[in-house]
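Below is one structure; the comments refer to it alone.
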């Protein structure tokens, strides 16, 4: 029987930044990116300069691979409407930070932006999204390709190989049915548990090193406080969401929407919407 492990976001914050544990994160990245990743070093990122609210909501880690690529992994728990825009900002900042003044643009590093979110973002039922930026001819419909010289100089096959690559993992959409090794990682990210049958890269090491019992007494206390604060954050967020849903439902009622339409928009039950029609102050 598999044991509960510590949460991945806390592990990123406290454990996976140590070189001895790079293999765990490298395993996850290798499964997601579908090529073997070796981590050279952990770099300072903007997210490390955390504000009070972010301590329990957002964790990120910036690393450089042995192929000189930059990988920004960000984990966020609470909803943020402009998260897509913040993804762009984070990558744009890296582009400018890691090219020296006077250097040719060809020295710009390949950037991977890995975003792990535990809230609904955009409209879509999948749990793994990959942004594939291509230049497509408006008349021909064909994808623009690099010249042979560009391919050789920059070691690329496609123009999109030069541009940042974005991944979005919507963990709460995963149905717990692990069909491949990447799904095994998603299962762990959602449940803090690794089944004995899982074979994905990095998970065997995670199974050994991310056990709660192996934490020092001080780290156990810190982790317990983190978990309690997360529970409080979740409660506050859910209350705020419920209030917003109710307000939307009340506005929809005044505009003459039927109960089913309001339920589809808000996620509230038809029974509760009917109660709101008769008693707008209902909880």
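Between 86, 211, 64, the Gaussian network model of the chain with springs among Cα atoms under 10 angstrom shows the greatest mean-square fluctuation at 86.
Report summary: the helix-based calculation at 222 nm, which adds -39500 (n - 2.57) for every DSSP H run with n ≥ 4 and divides by the residues of the chain, gives -12500 deg cm²/dmol.
Mind pulling the angle between the C-alpha long axis of helix 83-97 and the longest principal axis of the chain? Nearest 10 degrees, somewhere in 0 to 90. Helix 83-97 sits roughly 20 degrees off the main axis of the chain.
Computed extension length for residue 261-residue 220: 10.1 nm, one decimal, from 0.36 nm per residue of separation with the Cα-Cα distance subtracted. GNM remark for the chain: springs join alpha carbons under 10 Å apart, and the peak mean-square fluctuation among 116, 243, 186 falls on 243. Within the listed set 269, 113, 216, the Gaussian network model of the chain (springs between alpha-carbon atoms below 10 Å) gives the highest mean-square fluctuation for 269. Relative to the dominant Cα principal axis of the chain, helix 181-191 is inclined by about 40°.
For the Cα atoms of the chain, what angle does the longest principal axis make with the long axis of helix 22-33, in degrees from 0 to 90, nearest 10? That helix lies at roughly 80 degrees to the long axis. With r defined as the distance between the Cβ atoms of residue 134 and residue 19 and R0 fixed at 30 Å, what FRET efficiency is calculated, to the nearest 0.05? Working from the Cβ atoms, E equals 0.25.
Expressed as a whole percent, the proportion of Cα-Cα pairs in segment 220-278 lying more than 14 Å apart is 60%.
What distance in nm separates the two pseudo spin-label positions at residue 180 and residue 269, each 7 Å out from Cα along the beta-carbon direction? Each label point lies 7 Å from its Cα, and together they span 3.9 nm. Apply the a/c threshold of 1.5 to the C-alpha gyration tensor of segment 1-154 and tell me whether it is rounded, prolate or oblate. Prolate shape, in that a/c is at least 1.5 and a/b is the bigger ratio.
None of the figures in this text is laboratory data; all of them are computed from the coordinates on show. All values reported here derive from a predicted model rather than from experimental measurement. Counting neighbours? That spans all protein chains shown, and the Cβs are built from the backbone with ideal geometry, glycine included.
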